[in-house]
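The values are calculated or read from the model by the stated rules, or taken from the named source; none is laboratory data. Note that the structure is a prediction, hence the values are computed from the model and not measured. Virtual Cβ from ideal backbone geometry, glycine too; neighbours counted across all protein chains shown.
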Amino acid sequence: MKKNQDKILISLKKARTSLNKIIEMIESNHYCIKVIQQNLAVVGLLKSVNLQLLEDHLGCCFFDAAKANDEKKLNEMIQEVLTIVKTAQNK
């Protein structure tokens, strides 16, 4: 996670701030469309973070397993990545 760690942390902190804003908006009975727009912004940030995390995983953990010639570990990691991709598609 080192490669994109700063970008990931910034995005997650922005998402946290936006979530707090959404909570305040709902508590203050703001217009629904405005709340939805803010919510979609958070969803976008989190999707971006997921991609960055996956990129880092493939470039680091997955790459290391491939270099080590550990076929069992590599197959396990391929299944993990496929599970993540399938889960992301269903959201």
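Tally the residues that are modelled with pLDDT of 95 or more, part of a helix (DSSP H, G or I) and of a type outside the set (A, V, I, L, M, F, W, C), restricting the search to segment 1-43.
Counting residues in segment 1-43 that are modelled with pLDDT of 95 or more, part of a helix (DSSP H, G or I) and of a type outside the set (A, V, I, L, M, F, W, C) gives 14.
Just give me the residues in segment 57-83 being touching a residue at least 24 places away in the same chain (Cβ under 8 Å) and hydroxyl-bearing (Ser, Thr, Tyr), in sequence order.
Matches in segment 57-83: none.
So that you can scan it fast, the table gives a plain yes or no per residue for (1) more than 15 Å from the chain's Cα centre (by Cα); (2) surrounded by 11 or more Cβ atoms within 10 Å (Cβ to Cβ); (3) within 22 Å of LYS3 (Cβ to Cβ):
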{"position": "ALA68", "(1), (2), (3)": "yes, no, yes"}
{"position": "ASN75", "(1), (2), (3)": "yes, yes, no"}
{"position": "ILE78", "(1), (2), (3)": "yes, yes, yes"}
{"position": "VAL81", "(1), (2), (3)": "no, yes, yes"}
